Each structure stands twice: as structure tokens, then as C-alpha cells.
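The values are calculated or read from the model by the stated rules, or taken from the named source; none is laboratory data. For clarity, every value in this text was computed on a predicted model and none was experimentally measured. Neighbour counts run over all protein chains shown; Cβ positions are idealised from the backbone, glycine included. Heavy atoms of the whole protein, side chains included, go into the accessibility calculation; ligands, DNA and RNA do not. Shrake-Rupley method; radii C 1.70, N 1.55, O 1.52, S 1.80 Å.
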Amino acid sequence: MSRAGAPLKGRAGRLARLMPSASPSSAARTPFVLLVVLLLGGGLITLLLLNSALNEGSFRLSELKRDTTELTDEQQALQRDVDSYSQPGALERRARELGMVPGGSPAFLDPDGTVRGVPTKATAPPPSPSPTPSPEPTPEDGAQAPEAGTGVPSATPSGTATPTPGAAAEPEPEDAPAPENTQATPPPTTPGR
């Protein structure tokens, strides 16, 4: 056997030179292994961050889609309301509620200032008779209600006039409904109103 410190000669020396020793090769591998571990760790961390950002974007996207659906539904409901209000029958009804009346045939002004057509004032059609009787006005300024026996009919809560005693009674039609309250009560008076 040879000594540990003596150089090898011949064939063994050549083989020893061709094969690297353990200590120099492990020192050369350490930075490479650390670099590979750092690259893999950084890649995994980057992949985790990218995945969480994509998940957050997905949640935000689903939230925005839900909001878009709600707003689309609301817009369609509002459009239906606008369409129902812009129908000719609805416009006419709303105009009558506001006190507008249909106009007559229009008259036009030409660029030279002449009037083409006959201008007419818009007039309201005659009011249709209402089936409900208008209530009697209450006496004002401290005036008292007519007393019984004066021949003036007094109003009952059902809205029909009942003659007072001593007044000439008018015959009622046969198909008219009977009044609910036949007792004559004078209307309430409020002085100073």
C-alpha cells in the first residue's frame, strides 16, 4: 500500500487526475444547488401570488356580473314604465288630469309672416254629469242653519235631501234606493270659518 501523502505513479496517478476528488466538487455544487432552490422557491411563491390575484379577479368579475344583471333588470323595468307612460291613452289621461284640453286645427306662420290656417282657441269639452251630488255648503261667518219648519230641506248623511216638516213633499221615483238614515240632522256649523 502506498502512503496517503505520496503522489500516485503510473496508471493509478492518471486515473486519480481524471477523477475529481470529493472536496473540490462539493464546493463547486453548493452555489448551483442554492441557485436552483432559490429559483424554484421564487417560482412557487410567484405562482401562489398569481393564483390568488386571479381568484380575486374572478370574485370581482362575478360581483360585477351580478351588479350588471341587477342594473339591466332595473333599466328594463324603468323602460317598461316609460313605455307605458308614453302610450297615447296614458298621455291623454295624464293630460286631462293636469287640466289640458285637446287643441283644434293648428295654424302655421310662414317665413314671410303670413298666417296659414285659422287659429282657434282650445276649449274644454263640457263636463260629463257626475253621479254623486255635491254637498251643500256650510253656513259661514257665524250664520245659523235654517230651522225646522221653514220649508227648506236639510241634508242627511247619505247625501239625499229630506224635506222638513211642513214642506211640500216630492214623490220619489220607484226604482230609487231607500235612504239609509231617515232621521233629519242639521249640518254642523263652525262659526268664524
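Anything in segment 5-18 that is assigned to a loop (DSSP other than H, G, I, E, B) and modelled with pLDDT of 55 or more? List them, or say none.
Residues satisfying the conditions are A6, P7, L8, K9, G10.
Are there any pairs, at least 6 apart or on different chains, whose C-beta atoms fall under 7 Å, with the first in segment 62-90 and among the polar types (S, T, N, Q) and the second part of a helix (DSSP H, G or I) and open to solvent by less than 80 Å² (accessible area, probe 1.4 Å), and if so, which?
Note: pairs meeting the criteria are S84/A90.
Being at pLDDT 95 or above and acidic (D, E): is that true of E70 here?
yes
So P102 clears everything in (1) in a helix (DSSP H, G or I); (2) surrounded by 10 or more Cβ atoms within 10 Å (Cβ to Cβ) except one condition, right? Which one?
Here P102 meets the rest and fails (1).
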